[in-house]
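Here the structure is laid out as structure tokens; the discussion comes afterwards.
The values are calculated or read from the model by the stated rules, or taken from the named source; none is laboratory data. Just so it is clear, the model here is predicted, and its values are computed rather than measured. Cβ placement follows ideal geometry from the backbone for every residue including glycine, while neighbour counts extend to all protein chains displayed. The accessibility values were calculated without ligands, DNA or RNA, using every heavy atom of the protein model including side chains. Shrake-Rupley method; radii C 1.70, N 1.55, O 1.52, S 1.80 Å.
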Amino acid sequence: MRFLPVLLLLALLAAGLLWWRRESAAREARSLADVRADALRWYERLGGQVMNLHGDDPAVRQALVDAGERYNAAGGQLQQARTIQQYRLARETALEGLAYVRAARIALGIDPGPELPPLAAAQGTGEVTRERQVNVQGQVFKAGPRPGRDTPYYYPGGRYGGRAVPAGWYSTPWWKTALGAGAGVLGGMLIADALFSPAFADPGYGYEAGYQEGFGDGADQAGDFGGGDFAGSGDFGSGDFGGDFGSGDFGGGDFGGDFGGGDW
């Protein structure tokens with residue numbers, strides 16, 4: 001009989017542990033369902049935009065091509081996602097696609113629609129606030145805050161080789177690995193140095209837009225950024241989070257709704 005209280009205590013502890021495990025599993029399942037639904041919502045919105053927007057201007061076409069690539073990549077990510085982090089990555093890819101959609105709408109001269117949640121990869125990178133043009137080893141590279149004949153490639157902001165690259169319109173998509181390699185000995189880093197270092201242009205560039213926040217930790221805002229080593233997370237590339245996961249269409253949902261009026 002003297003062992004009865006001990007057995008009762010052990011039984012209560014076992015029951016409590018079982019309850020805690022069940023509650024923890026239920027909370028995790030709810031969290032997973034929430035992030036999955038959020039990722040799907042942005043993915044479906046992107047699908048509607050990609051299918052309903054059209055334009056002949058080079059800047060519009062290129063932005064929609066990039067948006068379509070993100071749509072395919074997000075679909076592949078969603079098909080393979082099993083964890084909260086994987087669904088968050090799919091959400092980020094879909095949001096990046098919608099950033100390209102906004103760029104296409106701006107190039108079309110129509111309402112870009114509501115603001116999007118900030119991209120994690122673009123945090124602190126700022127925006128191009130004025131037109132830039134540099135000549136490096138005989139090649140001309142341009143950047144600007146608006147689409148133009150010479151700047152048809154939009155970039156939503158990110159990091160290339162650890163260097164912050166602001167959102168804006170560019171003459172060449174040098175941040176893409178395959179295309180960047182086509183720049184020969186220049187390389188993407190040298191192009192970035194040329195476009196965004198005071199040695200090639202005005203030293204006050206971008207301060208009003210907070211561009212200095214995009215430089216790596218320890219950079220002195222009052223110093224010379226021309227040769228700084230901005231340590232970061234490596235080659236961001238085209239923002240596809242590990243590459244194109246395929247062109248498979250995920251979910252089979254009806255994305256045919258008319259999103260063209262700016263009400264997403």
Options Val140, Val136; residue that is at pLDDT 85 or above and surrounded by fewer than 21 Cβ atoms within 10 Å (Cβ to Cβ) = Val140
Could you tell me whether segment 18-36 includes any residue that is free of Cβ contacts under 8 Å to residues at least 24 places away in the same chain and under 17 Å from Pro156 (Cα atoms)?
-> no
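Name the residue, out of Ile106, Ile110, that is modelled with pLDDT of 90 or more, loosely packed, with under 15 Cβ neighbours inside 10 Å, of a type in the set (A, V, I, L, M) and within 29 Å of Met51 (Cα to Cα). Let's see the steps before the verdict.
On the way: Ile106 fails: loosely packed, with under 15 Cβ neighbours inside 10 Å.
Just one listed residue meets the conditions, Ile110.
Give the residue, chosen from Asp66, Asp38, that is out of contact with any strand residue (DSSP E or B) (no Cβ under 6 Å at 6 or more places or on another chain), under 25 Å from Pro147 (Cα atoms) and among the acidic types (Asp, Glu). Write out each step before concluding.
Working: Asp38 fails: under 25 Å from Pro147 (Cα atoms).
Residue meeting the stated conditions: Asp66.
Can you tell which of Glu28, Glu44 is at pLDDT 80 or above, in a helix (DSSP H, G or I), surrounded by 10 or more Cβ atoms within 10 Å (Cβ to Cβ) and within 22 Å of the chain's Cα centre (by Cα)?
Checking each option against the conditions leaves just Glu44.
Which residues, taken from segment 118-133, are within 21 Å of Leu46 (Cβ to Cβ) and open to solvent by 40 Å² or more (accessible area, probe 1.4 Å)?
First, the residues of segment 118-133 that are within 21 Å of Leu46 (Cβ to Cβ): 118-123.
Residues satisfying the conditions are Pro118, Ala120, Gln123.
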